[in-house]
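Visitor: Attaching a single structure in structure tokens format; questions to follow.
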Amino acid sequence: MRVTVMIPTQRRLGGLAVAARSVFAQAGVVSGDLELVIVDNDQAPSAQATAVKLAIEAPFPIHYVHEARPGVAYARNAGMAKASGDLIAFLDDDEEAPAGWLSALLAAQLRYEADVVFGPVRARAPLSVVSHRDYLERFFSREGPAEAGVIDHYYGCGDSLLRRAALPDPVAPFAIERNHIGGEDDMLFGQMQARGAIFAWEPAAWVWEDPVPGRLTLGYTIARAFAYGQGPTSHCAAASPPDWLGVARWMAVGVVQAVLFGAMAGLKWLTQAHDRAEWLDRAARGLGKTLWWGPFKIQFYGRTAS
């Protein structure tokens, strides 16, 4: 089966080069069955020159796609339209894959006949980041079961392998209404789960993640935690027909979490406890479940160049 590795990118040329070269170094896979699709989601084709240089070194074809419309769903869909693979592996432009990453994903897909396989993400912050370092690295990491196997839930798109034939739309599966706030992958995987898709977890298919310095702050992570909290309530509202009972339930849960976790966060902050950021994170997620509609949506993607 032909395999496409896709790297969406936006003005991160150094990270793109690291991610792409880690794909070149994959072991245990047949290079003749591989291709790499780089999707440049910038108004100007800022990653084109880097993609051309990488193509000279690559042991398999590289396809460069310029998607000028800003938005994470636009970028992923543009890559899907170009990809020829039966299986699509996603790697972010701030990630680096060890040599056995892709072969572990492919083996798990075959072993479990999975429609989507997910792997762990291990974030590493620069040594210069001292304040709340443990929390920040955990925030950008993804943990899961110690053993490989079929799972009853899903994770995000970064470090995943999708079986194209299982997608509701094999060419443009990502919802463009999530272009600026994210969650386009959650919406897709939720649809797939409702249709009986098989999800698998493979702990051997792990990747490094190097968050950009601007994201290694409480200002960013707490806002992002608030947005993550909006997910379950928003999904109920976006269902067809809308699940208003689910909306009410999640909003009620959010109020309780925001009050209880917020009170604990305040106490932890007063005592300068080492885990104070974690409690603030939990409170923000609870508040997000309650304040989930239009005016409270935060734009994380699809920003135009300054």
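Visitor: Using a cut-off of 21 Å between alpha-carbon atoms, which lysines can reach Lys289, once sequence neighbours fewer than 8 places away in the same chain are excluded?
Guide: Lys297
Visitor: Using a Cα-Cα cut-off of under 29 Å, which lysines could be cross-linked to Lys53, ignoring same-chain neighbours fewer than 8 residues away?
Guide: Lys82
Visitor: Suppose every Lys and Arg Cβ carries +1 and every Asp and Glu Cβ carries -1, with no other charges. What dipole size does region 1-159 come out with about its Cα centre, to the nearest 20 debye?
Guide: I would put it at about 360 debye.
Visitor: With every protein chain present, what is the per residue accessible area of region 128-277 (1.4 Å probe, Å²)?
Guide: 49 Å²
Visitor: What does the convex hull of the Cα atoms of region 189-267 come to per residue, in Å³, rounded to a whole number?
Guide: Considering the Cα atoms of region 189-267, their hull volume per residue is 153 Å³.
Visitor: Any chance you could look up the accessible area of Glu202 with a 1.4 Å probe, heavy atoms only, rounded to 10 Å²?
Guide: Per-residue accessible area (Glu202): approximately 20 Å².
Visitor: A further question follows. Rounded to the nearest 10 degrees, what's the angle between the helix 218-238 long axis and the longest principal axis of the chain, both from Cα atoms, 0 to 90?
Guide: Helix 218-238 sits roughly 90 degrees off the main axis of the chain.
Visitor: For helix 276-290, report the angle its Cα long axis makes with the longest principal axis of the Cα atoms of the chain; keep it between 0 and 90° and round to the nearest 10°.
Guide: 90 degrees
Visitor: Oh, and also: Given a 1.4 Å probe and the protein chains all in place, what does the accessible area of Tyr64 round to, in Å² to the nearest 10?
Guide: 60 Å²
Visitor: Starting from the eigenvalues of the Cα gyration tensor, five times each then square-rooted, give me the equivalent ellipsoid semi-axes of region 167-306, largest first, whole Å.
Guide: So the three semi-axes of region 167-306 are 28, 21, 16 Å.
Visitor: Counting only Cα, what are the radius of gyration and maximum Cα-Cα distance Dmax of region 27-124, in Å?
Guide: 14.4, 42
Visitor: Taking the alpha-carbon centroid of each part, what is the distance from region 83-142 to region 241-270 in angstrom?
Guide: Each part reduced to its Cα centre gives a spacing of 30 Å.
Visitor: Can you tell me the orientation of helix 48-57 relative to the chain, as the angle in degrees between its alpha-carbon axis and the longest Cα principal axis, to the nearest 10?
Guide: Helix 48-57 sits roughly 50 degrees off the main axis of the chain.
Visitor: Now, a different point. Roughly to the nearest percent, how much of the accessible area of region 212-300 is carbon and sulfur, given a 1.4 Å probe?
Guide: 72 percent
Visitor: Next question, about the same structure. Projecting each Cα onto the charge dipole of the chain (Lys/Arg +1, Asp/Glu -1 at the beta carbon, about the Cα centre), which of Val259, Gly79, Val23 comes out farthest on the positive side?
Guide: Most positive-ward Cα: Val259.
Visitor: Order these peptides, 162-174, 234-246, by their mean beta-carbon neighbour count within 10 angstrom, highest first.
Guide: 162-174, 234-246
Visitor: Remind me, what semi-axes does the chain give for its equivalent ellipsoid, largest first in whole Å, using sqrt of 5 times each Cα gyration tensor eigenvalue?
Guide: Value: 32, 22, 20 Å, ordered largest first.
Visitor: What is the percent carbon and sulfur in the accessible area of region 1-96, measuring with a 1.4 Å probe over the protein chains and ignoring ligands?
Guide: Of the solvent-accessible surface of region 1-96, carbon and sulfur hold 56 percent.
Visitor: Oh, and also: Suppose R0 equals 22 Å. What FRET efficiency, 1/(1 + (r/R0)^6) with r the Cβ-Cβ distance, do Arg111 and His153 give to the nearest 0.05?
Guide: E(calc), rounded to 0.05, equals 0.70.
The values are calculated or read from the model by the stated rules, or taken from the named source; none is laboratory data. It should be emphasised that the depicted structure is a prediction, and the values quoted were computed from it without experimental measurement. Because the Cβ atoms are built from the backbone with ideal geometry, glycine has one as well, and the counts that use them run over all protein chains shown. The protein model used for the area step is the full one, side chains on, heavy atoms only, and it has no ligands, DNA or RNA in it. Shrake-Rupley method; radii C 1.70, N 1.55, O 1.52, S 1.80 Å.
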